[in-house]
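Peer 1: This is the structure I want to talk about, given as C-alpha cells.
The values are calculated or read from the model by the stated rules, or taken from the named source; none is laboratory data. Model, not experiment: these values are computed from the prediction. Please note: Cβ atoms are built from the backbone with ideal geometry, for glycine as well, and neighbour counts cover all protein chains shown. For accessibility, only protein heavy atoms count, side chains too; no ligands or nucleic acids. Shrake-Rupley method; radii C 1.70, N 1.55, O 1.52, S 1.80 Å.
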Amino acid sequence: MKLQLQIKMNEDLFLRNPEHTELGRNIIKHSIQLIFQNGFEAFTFKKLAEDIGTTEAGIYRYFENKHLLLIYIIAWYWGWLEYQISFQTNNVTDPVDKLKKVIKLLATTVEDDGKTIYVNESLLHQIVISEGSKAYLTKQVGEDNKHQFFKPYKDLCAVIGDIILECNPKYKYPRSLATTIIEMAHFQNFFMNNLPSLTDFGKNKAESEIILFLNDLVFSSIKKG
C-alpha cells in the first residue's frame, strides 16, 4: 500500500476540505493543470467546472473565490517543500552541506511526488515560479495575513533561516537571506526561460548555473556576516 503524504492546511482557506471528497481532490488536481496551462488570469471556476465535468456551483461549495484557491495550492507547495527539506537534510550533519542541499532543492526542477496522488508537484512548482507572488501581492494581503494564510511560507523561511544560523550563528539577516534564496531561485529560473537578458543564464538555460550563482551569493554573504 502506497504511503500518502498529508499536508495540514489552514481551514479558513476553504469552505469544505477538498481533501475529503473525490470532487474536492479533482478541484485541486485540475486547477493546477489549468493554471499551469493557461495562467492564473485566464483561470475561472467556470472553466474548471467544465474541465472536471461538474457545476460551477459545486466548486463554490469548496472555495469562495479563485484567489483563495491560488493561496491554497501555493501554501500547500510551501508545506510540501518544508517536508522535502526536512527529509533530505535529516541525516546531514554539516550545516554548509545542508544549506547547499536546500539551495539545490529550491533551484532544481521538481519531479512529481508519488506520495501525493492528486497533486502534480512538477506543475505546481512551475506555477509557484510564475504565479506564486500573486498570492500575496494584493491589496488584501494584510487581511489575508491576519488569517495566517502565509504561515507555511513563513515556516519554510524560518527553517532555512535556522540552517543559515547553523552555518554562522552571528549572521544578522537569516530570515532576509532565506526569503532572498527562495525568491531569487524562482526569479532567475523565470527570467532564464522568459526574459533571458535579465540573467547570465539565458544562453545555456542551465539550472546548475543558477545553483552556482546562489551558492556564491549566499555563502559570500554568510562569511561577511
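Peer 1: Look through Ala42, Ala49 and report the one residue that is free of Cβ contacts under 8 Å to residues at least 40 places away in the same chain, more than 22 Å from Gln148 (Cα to Cα), assigned to a helix (DSSP H, G or I) and open to solvent by less than 70 Å² (accessible area, probe 1.4 Å).
Peer 2: Sole residue among the options that is free of Cβ contacts under 8 Å to residues at least 40 places away in the same chain, more than 22 Å from Gln148 (Cα to Cα), assigned to a helix (DSSP H, G or I) and open to solvent by less than 70 Å² (accessible area, probe 1.4 Å): Ala49.
Peer 1: I've got another one for you. If Tyr83 passes every condition in (1) part of a helix (DSSP H, G or I); (2) in contact (Cβ under 8 Å) with a residue 24 or more places away in the chain; (3) in contact with a helix residue (DSSP H, G or I) (Cβ under 7 Å, 6 or more places away or on another chain) but one, which one does it miss?
Peer 2: With respect to (1) part of a helix (DSSP H, G or I); (2) in contact (Cβ under 8 Å) with a residue 24 or more places away in the chain; (3) in contact with a helix residue (DSSP H, G or I) (Cβ under 7 Å, 6 or more places away or on another chain), Tyr83 is out only on (3).
Peer 1: Another question about this same structure. Cβ-Cβ below 9 Å, separation at least six or inter-chain, first residue in the range 8-22 and over 11 Å from Leu69 (Cα atoms) and open to solvent by less than 30 Å² (accessible area, probe 1.4 Å), second at pLDDT 95 or above and part of a loop (DSSP other than H, G, I, E, B): which pairs?
Peer 2: Listed by first residue and then by second, the contacts come to Met9/Asn17; Thr21/Tyr62.
Peer 1: Which of (1) assigned to a helix (DSSP H, G or I); (2) over 24 Å from Thr108 (Cβ atoms) is the odd one out, the single condition Leu156 does not satisfy?
Peer 2: With respect to (1) assigned to a helix (DSSP H, G or I); (2) over 24 Å from Thr108 (Cβ atoms), Leu156 is out only on (2).
Peer 1: If we scan the range 53-76, do we find a residue that is out of contact with any helix residue (DSSP H, G or I) (no Cβ under 7 Å at 6 or more places or on another chain), in a helix (DSSP H, G or I), over 19 Å from Asn120 (Cα atoms) and not acidic (Asp, Glu)? Please lay out each step first, then the result.
Peer 2: Looking only at the range 53-76, we keep the residues that are out of contact with any helix residue (DSSP H, G or I) (no Cβ under 7 Å at 6 or more places or on another chain), and these are 53, 57, 61, 64-65, 67, 76.
With the extra rule that they be in a helix (DSSP H, G or I), the set shrinks to 57, 67, 76.
Next, only the ones that are over 19 Å from Asn120 (Cα atoms) stay: 57, 67.
Retained after the next criterion (residues that are not acidic (Asp, Glu)): 57, 67.
Taking every residue of the range 53-76 in turn, at least one turns out to be out of contact with any helix residue (DSSP H, G or I) (no Cβ under 7 Å at 6 or more places or on another chain), in a helix (DSSP H, G or I), over 19 Å from Asn120 (Cα atoms) and not acidic (Asp, Glu).
Peer 1: Further question on the same structure: Out of (1) among the aliphatic types (A, V, I, L, M); (2) under 21 Å from Ile71 (Cβ atoms); (3) outside any loop (DSSP other than H, G, I, E, B), the odd one out for Leu137 is which?
Peer 2: All conditions are met except number (3).
Peer 1: Given the residues Val96, Val119, which is the only one that is hydrophobic (A, V, I, L, M, F, W, C), in contact with a Cys (Cβ under 9 Å, 6 or more places away or on another chain) and closer than 27 Å to Glu207 by Cβ?
Peer 2: On the way: Val119 fails: in contact with a Cys (Cβ under 9 Å, 6 or more places away or on another chain).
Unique residue meeting the criteria: Val96.
Peer 1: What number goes with the only condition from (1) touching a Leu at 6+ places or on another chain (Cβ under 8 Å); (2) assigned to a loop (DSSP other than H, G, I, E, B); (3) open to solvent by 70 Å² or more (accessible area, probe 1.4 Å) that Asp113 does not pass?
Peer 2: (3)
Peer 1: Would you confirm whether any residue within the range 140-155 is out of contact with any His (no Cβ under 7 Å at 6 or more places or on another chain), on the phi > 0 side of the Ramachandran plot and among the polar types (S, T, N, Q)? Before you say what the answer is, go through the steps one by one.
Peer 2: To start, the set of residues in the range 140-155 that are out of contact with any His (no Cβ under 7 Å at 6 or more places or on another chain) comprises 140-155.
In the following step, the residues that additionally are on the phi > 0 side of the Ramachandran plot were identified as 148.
Applying the additional criterion that residues be among the polar types (S, T, N, Q) yields 148.
Checked against the condition, which is being out of contact with any His (no Cβ under 7 Å at 6 or more places or on another chain), on the phi > 0 side of the Ramachandran plot and among the polar types (S, T, N, Q), the range 140-155 yields at least one hit.
Peer 1: Could you tell me how many of the residues in the range 172-182 are touching a residue at least 24 places away in the same chain (Cβ under 8 Å), of a type outside the set (Lys, Arg) and surrounded by fewer than 16 Cβ atoms within 10 Å (Cβ to Cβ)?
Peer 2: Counting residues in the range 172-182 that are touching a residue at least 24 places away in the same chain (Cβ under 8 Å), of a type outside the set (Lys, Arg) and surrounded by fewer than 16 Cβ atoms within 10 Å (Cβ to Cβ) gives 1.
Yes/no matrix, rows are residues, columns are (1) open to solvent by 60 Å² or more (accessible area, probe 1.4 Å); (2) hydrophobic (A, V, I, L, M, F, W, C); (3) more than 12 Å from the chain's Cα centre (by Cα):
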| position | (1), (2), (3) |
| --- | --- |
| Gln84 | no, no, no |
| Phe87 | yes, yes, yes |
| Asn90 | yes, no, yes |
| Leu106 | no, yes, no |
| Val119 | no, yes, yes |
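Peer 1: Now, a different point. Anything in the range 209-221 that is without any contact (Cβ under 8 Å) to a residue 60 or more places away in the chain, open to solvent by less than 70 Å² (accessible area, probe 1.4 Å) and farther than 16 Å from Tyr173 by Cα? List them, or say none.
Peer 2: Glu209, Phe213
Peer 1: Quick one: which of Lys151, Lys134, Lys146 is of a type outside the set (A, V, I, L, M, F, W, C), under 13 Å from Glu82 (Cβ atoms) and open to solvent by 50 Å² or more (accessible area, probe 1.4 Å)?
Peer 2: Lys151
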